[in-house]
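Here is the structure we will look at.
The values are calculated or read from the model by the stated rules, or taken from the named source; none is laboratory data. These figures come from a predicted structure and were not determined experimentally. Cβ: placed from backbone, ideal geometry, glycine included. Neighbour counts: every protein chain shown. Quick note on the areas: whole protein, heavy atoms, side chains included, nothing else; ligands and nucleic acids left out. Shrake-Rupley method; radii C 1.70, N 1.55, O 1.52, S 1.80 Å.
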Amino acid sequence: MNGIIQLKNGRIIDPTQKRDEIADLWIENGIIVNPPKTPATAIEVHDVKGCWVVPGLIDLHVHLREPGEEYKETIETGCRAAAAGGFTAVACMPNTKPVNDNGAITRFILEKAASCAARVYPVGAISQESNGEKLAAHGEMKAAGAVALTDDGRPVLDSRLMRRAMEYASSHEMLIMSHAEEVSLSRGGCMHEGEISTRLGLRGIPAAAESIMVYREIALAELTGARVHISHVSSEQSLALIRNAKARGVKVTAETAPHYFTLTERAVLGYNTHAKMSPPLRTEKDLQAIRTALRDGTLDAIATDHAPHSILQKEVEFNLAANGIVGLETSLPLGLALVREGVIGADRLIELMSCAPAAILGVAGGTLRVGGTADVTVIDPQKRFTFSTEKTFSLSKNSPFDGWDLQGKAVLTILAGRITYCDI
Ligand SMILES: [Zn+2]
């Protein structure tokens, strides 16, 4: 992309350079420069006074429904929602139809994504068809461009298969991401097991269904020396295990999603299927533990677990409804609320939503260093808006935050010097 962009008077926050200051950011031909080398003729100037200028946000955990369920989301619409949410890159889970368990599907995703509004990093399946029986073609998917492996949506039940996956993954230098769920405990459940599930007459899922599997992944990472990433952590007990493992030097990282630090099981009252997700929303105590873990480093990243579903799969009895919410356009505002409430600082939020995801996936980005590709997000932390699923870029409307008054959002998203979203 030719030309020069000047972002004037913004608050530049870049944890990778320990930078937090009011300054101008210059982009020339898609690269961050300081100052531009060519004479200033055609400069696109944006006065971003009062805004934060940060490395483009990166989402570790997104479900794009293509191939197979394009009526829920396509790679293109998902990337547009990502750009509107301030993301310049997303990692997409393999549970498409067919499952991304071979190089051909990985290549298909990358070809579709090439012209889209965000970078897409495909994550391949651990097992063929993610059915937990035989390992998928890890080397082939890596060669095609997959950045990590997971059977997300379902856990790998067979511990021996997970051990082998970790052994292969560490020899391929690929990250294993774990959907931690002990299904013999969670099966048939549709919300957190506790007083509210009893009151509503719904079958519950105990927090132990998550933490038992989190501990298995830690034990296997310790056994194999592999690097493992725990997806969508929701419970206090899982966090205690991760904290302890990190202290022992186990190579484990973890993410949570905005709904787990914003909502509790009470959101299900009234049988609200938009609050149905896997793992389920938990207690106030879990929510507080997640906030602490975001602050103390036990949690490395905030990911959305953006999971588009058609309204038909949500407007049914609670126990029959699909799991998940669309999250790309609410993640940043909900994260900014943590900063306003003093839970974390602005720099920590950017670390959680950009620098750390880049490091965990081993991809470029997550920094504003001079000479690097200009993936940049401008955030207006003051801007108030009412989130409406009717106005989102996602093809699906399943969000418990529909109608919420939110404060703070991305106002300019720049991908390699190209503006992919502008709301200034
Ligand atoms: Zn999952």
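Ile105 fulfils the conditions (1) in a strand (DSSP E or B); (2) buried (at least 20 other Cβ atoms within 10 Å of the Cβ) except for a single criterion, (1). Checked against (1) touching a residue at least 40 places away in the same chain (Cβ under 8 Å); (2) surrounded by fewer than 22 Cβ atoms within 10 Å (Cβ to Cβ); (3) away from the ligand (no atom under 16 Å from the Cβ), Arg216 passes all but a single condition, namely (3). Evaluate the following for Ala125: is it within 19 Å of the chain's Cα centre (by Cα) and within 19 Å of Ala226 (Cβ to Cβ)? When the stated conditions are applied, Ala125 passes them. Residues in the range 174-184 that are more than 16 Å from the ligand (Cβ to nearest atom) and either touching an Asp or Glu at 6+ places or on another chain (Cβ under 8 Å) or without any contact (Cβ under 8 Å) to a residue 24 or more places away in the chain (or both): Ser184 alone. Close contacts from the range 70-90, counting a first residue that is open to solvent by 10 Å² or more (accessible area, probe 1.4 Å) and a second that is modelled with pLDDT under 95 and β-branched (Val, Ile, Thr), with Cβ to Cβ under 6 Å and a gap of 6+ residues or different chains, come to none at all. Exactly one residue among Asp158, Asp101, Asp151 is modelled with pLDDT of 95 or more, within 16 Å of the ligand (Cβ to nearest atom) and among the acidic types (Asp, Glu), and that residue is Asp151. Restricting attention to the range 252-260, does a residue exist that is assigned to a loop (DSSP other than H, G, I, E, B) and under 20 Å from Gly153 (Cα atoms)? Yes, that holds for at least one residue.
Matching residues to (1) within 14 Å of the ligand (Cβ to nearest atom); (2) open to solvent by 10 Å² or more (accessible area, probe 1.4 Å); (3) touching a residue at least 40 places away in the same chain (Cβ under 8 Å); (4) closer than 24 Å to Ala89 by Cα:
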| position | (1), (2), (3), (4) |
| --- | --- |
| Leu294 | no, no, yes, yes |
| Asp305 | yes, yes, yes, yes |
| Ile311 | no, yes, yes, no |
| Asn319 | no, yes, yes, no |
| Ala322 | yes, yes, yes, no |
| Ile325 | yes, no, yes, yes |
| Leu328 | no, no, yes, yes |
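Taking Gly371 as the residue in question, decide whether it is at positive phi and either crowded, with 18+ Cβ neighbours inside 10 Å or part of a helix (DSSP H, G or I) (or both).
So Gly371 does not fit the description; no.
The residues of the range 140-167 that are open to solvent by 30 Å² or more (accessible area, probe 1.4 Å) and assigned to a helix (DSSP H, G or I), listed by number, are Glu140, Lys142, Ala143, Ser159, Arg160, Arg163, Arg164, Glu167.
Against the test of being out of contact with any Cys (no Cβ under 8 Å at 6 or more places or on another chain), outside any strand (DSSP E or B), under 25 Å from Gln128 (Cβ atoms) and modelled with pLDDT under 95, the options Ser170, Ser184 yield a single qualifying residue, Ser170.
When the range 264-292 is filtered for residues that are in contact (Cβ under 8 Å) with a residue 60 or more places away in the chain and within 16 Å of the ligand (Cβ to nearest atom), the ones remaining, listed by number, are Lys276, Ser278, Pro279, Pro280, Leu281, Arg282.
If the condition is being part of a strand (DSSP E or B) and within 17 Å of Cys422 (Cα to Cα), then the range 74-94 contributes Phe87, Thr88, Ala89.
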